[in-house]
1. Let's test this: bin the Cα-Cα distances of the chain at 10 Å from zero up to the farthest pair and state each bin's percent.
2. Ignoring ligands, DNA and RNA, please state the percent of accessible area on the range 237-313 from carbon and sulfur, probe 1.4 Å.
3. With runs of 4+ DSSP H residues as the only contributors, calculate the mean residue ellipticity of the chain at 222 nm using -39,500 (n - 2.57) per run, divided by the residue total and rounded to the nearest 500.
4. Regarding the range 216-421, what's the average projected area of the Cα-atom convex hull, expressed in nm²?
5. So who's got an amide H within less than 5 Å of the one on residue 131, skipping anything under 5 residues away but keeping other chains? H placed 1.01 Å off N, in plane.
6. Putting +1 on Lys and Arg Cβ atoms and -1 on Asp and Glu Cβ atoms, find which of 279, 231, 356 reaches farthest to the positive end of the dipole of the chain.
7. Who wins for biggest fluctuation among 400, 131, 364 in a Gaussian network model of the chain, springs between alpha carbons below 10 Å?
8. If you fit an axis through the alpha-carbon atoms of helix 2-17 and take the longest principal axis of the Cα set of the chain, what angle between them do you get, 0 to 90°, nearest 10?
Amino acid sequence: MEKLENKILDISAKLGNEVHLSAIRNTFISMLPIMIFGGLFAVIGSAPATEDATGFMRVWADFVASNSKIFSWISVLGLGFTTLYIVIGITYNLCKSYKIEPLIPLFISCFGIFILNVNPEELVYGMSLADLTYLDGKGIVIGLFVGIVTVDIYRVLKEKNFGKIKLPESVPPSLSETFSSLTIAVLIMLLYLGIFAIFNAMGTTLAAWIGGLISPQVEATDSLVFILIMTFIINGAWFFGIHNATFWGLMGPIMFMNLSTNAAQHASGLAATSILTESFWVYFVCIGGTGACLSIALLCCFSKSKTIKTVGRISVLPAFFGISEPVTFGLPMMLNPIFFVPCAMVPTINALISYICMSTNLIDKTFAMLSFNMPSVFGSFLSTGDMKALVLVVVLLIIDMILYYPFLKMYEKQQLKLENSD
């Protein structure tokens, strides 16, 4: 057991410290404020009112209707330009890791993402038109590509003093830095220009071409099998002390891409199509944080063991807001053999039931992300606009408590023996 634990922790440490994965993870975390702001306006702009609604619902619906352009525009800016925010974040975080001044790479990355993701339709001074479709979640792959390629090429060539232009010492540092990086910047932009020219000749863009190429793979990640496997792995890894953020280099882009697609569909009056989003994960799968710990925190409050009851009372409020650490470390659940099975399986059961409900249209799919710390009973409704989603979360919480109960009773017996012996 100890050897397995050390091996897993070693792999986790290597993944967590890998510079590119770290930059991706930090970028998605940093994007939360603007994503939440856009999601909030998407929720407010979706008044769940029927035509014969009265009172507050009627006022809400009328207010949204009279300000629809504002709500739609904020929603688009928050969720519809995901790729642009991602490329800026990755470029900045990689530059920070490499200790590079980020301004010039940021300019290059913005140039790259626009030329590879945006399809110009009519370029006339003052009247330019362009297809911005792939600046949302569908263009995330190119955002990752541009951010990483820009900084890595820039760093390598900079270290080799490639094309450096020497200027007198009297030249201001900012101007000197710009000229010393001029050749490198032009070279990288020419690379992106060449890629644009190739795909423009084909009547498309790199983002659109890649989107068509990976579409089957993206759909596969939204499948029941993938969701169940990743849910089991991520929550099982938490048992060994591996934080779920370790996996966000893989899961983050997938979830953001799906959420952005759902938000765009919802804004257009269409039904959302993707299931695996951050809001699905936070509000329906991990109810109470990683390990779905709200259920066990509630059970602990009624334990015969004074120690377990104290842990429950301390941890139930944080778990209600999606923070599982107090109960995870307080019992402890982590590295406690009794809790490995429920820690991995309970969220997996949640994922299975929620997936079935959404795939059969029993409840609506998510289109907004409010906050990681939004209680699931509220977040489930606000992210779907469907009151049945709230009912589902309550049912899942009851099921989670039933599943955790026999394992907690086993642990309770151990604790009672220790307390009685004292």
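The values are calculated or read from the model by the stated rules, or taken from the named source; none is laboratory data. From a predicted model like this one, the values you see are computed outputs, not experimental measurements. Cβ coordinates were reconstructed from backbone atoms using ideal geometry, including for glycine residues, and neighbour counts include every protein chain displayed. Ligands, DNA and RNA are stripped out before the accessible areas are found, and what is left, the full protein with its side chains, is counted by its heavy atoms. Shrake-Rupley method; radii C 1.70, N 1.55, O 1.52, S 1.80 Å.
1. 4, 19, 26, 23, 16, 8, 3, 1, 0
2. 62 percent
3. Mean residue ellipticity at 222 nm (helix-derived): -22500 deg cm²/dmol.
4. 10.6 nm²
5. 119, 121
6. 231
7. Highest fluctuation among the options: 131.
8. 30 degrees
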